[in-house]
Amino acid sequence: MKHRLEQSTNALSTLIEKRGNTFYPQFHLAAPAGWLNDPNGLIYHDGLYHAFYQHHPYSQDWGPMHWGHATSTDMIHWQHQPIALAPGDDYDKSGCFSGSAISHEGKLYLFYTGHNWLAAEGDDSQIYEAQCVAISEDGIHFEKKGIVLPPPEGYMHFRDPKVWYQDGKWWMVVGARDEKDQGQVLLFSSETLFEEGKQWSTDYIILGKTDDKNVYMWECPDFFPISQDNEFAIVFSPQGKRTEGYQYRNLFQAGALIGQWSPNQPFKPQGHFVELDNGHDYYAPQSFMTPDGRRVSMGWMDMWNSPMPSKAEFWSGCFTLPREITFDKSKNRLCMVPVKEVESLRQEKNTIKPLTLSHQSIELIDNTSAIELDLTWSLDSQAEKFGLWLGEGLELFVDNQSNRLVLNRHYPQYNISGARSIPLPEGCQLNLRIFIDRSSIEVFVNQGEYTLSSRYYAPQDARSLRLFAMSGDAILLSGEYWRLNHIG
């Protein structure tokens, strides 16, 4: 693998020299150049947070998947590390697909899917996928150990292992697609994490399975406890789910099923699949535990088969901010807020005095390349439409006619146009905590009850932010904002 890593490093260096910065993030994690998608191997190990990611260092387009790597002391300021994994062995010759990490007895273990196309490249009708492991003594350089879990009989699509330790056993969930093209998550267990020359047993139970005949695959599964009462969440990204009204508008979604589970018992769902994020760009989130016991998640802030104008700058894809996950039992759903460490990016606080907008707009910030904004609006406002405009292509507003909060973007020059929305929360106030980077916006609604994450593509000189109200009055109860420091 050493020779392949050297080749990929050289290719990445060439792209870095050409990479543009018009859309490149100032405070979100992205690859130094080239393609990035799913977060992989998120973990705290030996005093550092590690974030790996699906990476193509040869191009800004998707290609044979490598594992990129970055480390951090605070989940906010990241240092790029050498590429961790490169494909090319018999068991991963077509790609080192997504997976997870385990810190065990001083070593860092990467569990990933070895992907092989058996016919033409890109022909998903004939593939072989198996779960593999690579091990590191120093957290930087990895030695591949090959397959630890081959696909069970009847499964060809079989990928994205997430591993954890519980009740004296090692457990692994894997996304799968059976012979009837039904998406599901399989659960495996083992007495040992890794033993040279031995593999995990292919005995499994179906932890969860689609009840929607259109859903042919559950990708990137995560599984973790959310209460002391054996309540767990399966987080996954279903493929094939069809739009239902305002829901499931993206090509693929990412969301959660809540239920009861304990070892040797089936998972008992309570409720239905709920999207974790309602923006245009969110997929394949993965969670991990911080040393102080928080469950933190990061997702890919892009969407398959969508236009990506950053490709003109020789890079594609970035992560969301790290988010702390909590469980709202009364609503039976997961909530997400930015980790407290993000406050370390703040510069001087600017206070926005309460105001009433009447059929008007006002400029608040002339350049929003790196901003955190906190606004509280009165939902007793009578304006038909009120909120904020970012540049000329993005608007976030309350639509009092549909009773929804809408994130709309319109960039016809990039073939990007469309809205995502959520129902207005109950109560008389709407709090919006908003993070705006050079080409992304993340909106946290009422302390994380909802989130909306989307990419936007305004020119560098057209990123002013305006507050507005149309056809009536809108009341801003309070507001503040901070310019944010660059993480580089």
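The values are calculated or read from the model by the stated rules, or taken from the named source; none is laboratory data. Predicted model only: the values in this text are computed from it and were never measured. Virtual Cβ from ideal backbone geometry, glycine too; neighbours counted across all protein chains shown. Keep in mind that these areas ignore ligands, DNA and RNA; they rest on the heavy atoms of the full protein, side chains included. Shrake-Rupley method; radii C 1.70, N 1.55, O 1.52, S 1.80 Å.
Stretched out straight at 0.36 nm per residue, the stretch from S201 to D181 would grow longer than its current Cα-Cα span by 4.8 nm. Using a probe of 1.4 angstrom and keeping all protein chains present, the accessible surface of segment 388-432 works out to 46 square angstrom per residue. Taken as Cα centroids, segment 412-473 and segment 76-120 sit 35 Å apart, rounded to the nearest whole angstrom.
Placing K107, K331 in order of accessible area, with the largest value first and a 1.4 Å probe, yields K331, K107. With a cut-off of 13 Å between beta carbons, the residues surrounding N400 carry a summed charge of -2, where Lys and Arg count +1 and Asp and Glu -1. The slack between D167 and L355, meaning 0.36 nm per residue of separation minus the straight C-alpha distance, is 62.1 nm. A simple count of charges around I226, restricted to other residues whose Cβ falls under 13 Å of its Cβ and scoring Lys, Arg +1 and Asp, Glu -1, yields 0. Taking all protein chains as shown and a probe of 1.4 angstrom, C96 keeps an accessible surface of around 0 Å².
The phi-based Karplus calculation (6.51 cos²θ - 1.76 cosθ + 1.60; θ = phi - 60°) puts the 3J(HN,Hα) values of segment 245-257 at x, 7, 8, 6, 7, 7, 4, 10, 10, 9, x, 9, 10 Hz, whole numbers, x for Gly and Pro.
Across the options A51, V215, G68, the greatest Cα extent toward the positive end of the charge dipole of the chain (unit charges at beta carbon of Lys, Arg, Asp, Glu) belongs to V215.
Report note on the peptides 186-195, 34-43: ranked by the mean count of other C-beta atoms within 10 Å, highest first, their order is 34-43, 186-195.
Between G279 and S453, the built amide H atoms are under 5 Å apart, and every one of these is 5 or more places off in sequence or on another chain.
Using a probe of 1.4 Å, the accessible surface attributed to M156 totals some 70 Å² when neighbouring protein chains are kept in position.
Counting only other residues whose beta carbon sits under 11 Å from that of I127, what net charge do I get with K and R as +1, D and E as -1? Local net charge: -2. The peptide list 20-31, 276-287, put in order of mean Cβ contacts within 10 Å with the highest first, becomes 276-287, 20-31.
The simple spin-label model puts a point 7 Å past each Cα toward its Cβ; for D211 and N415 those points are separated by 3.8 nm. The slack in the chain from M470 to M156, taken as 0.36 nm per residue of separation less the alpha-carbon distance, amounts to 107.6 nm.
Candidates I325, Y109, P263 compared by Cα position along the dipole of the chain: farthest toward the positive end lies I325, with charges placed on Cβ.
Equivalent-ellipsoid semi-axes for segment 1-338 (Cα gyration tensor, √(5λ), whole Å, largest first): 28, 23, 21. A simple rule links phi to the HN-Hα coupling: the Karplus curve 6.51 cos²θ - 1.76 cosθ + 1.60 with θ = phi - 60°, which for segment 373-389 gives 10, 10, 10, 10, 9, 7, 7, 7, 4, 9, 4, 4, 8, 8, x, 9, 10 Hz, with x for Gly and Pro.
In this structure L334 has an accessible area near 10 Å², from a 1.4 Å probe over the protein heavy atoms.
Scaling against 2.2 N^0.38 Å puts the C-alpha radius of gyration of segment 128-178 at 1.31. For segment 319-428, the carbon plus sulfur part of the accessible surface works out to 42%, probe radius 1.4 Å. Only DSSP H runs of four or more residues enter the estimate; each adds -39500 (n - 2.57), and after division by the residues of the chain the mean residue ellipticity at 222 nm equals -1000 deg cm²/dmol.
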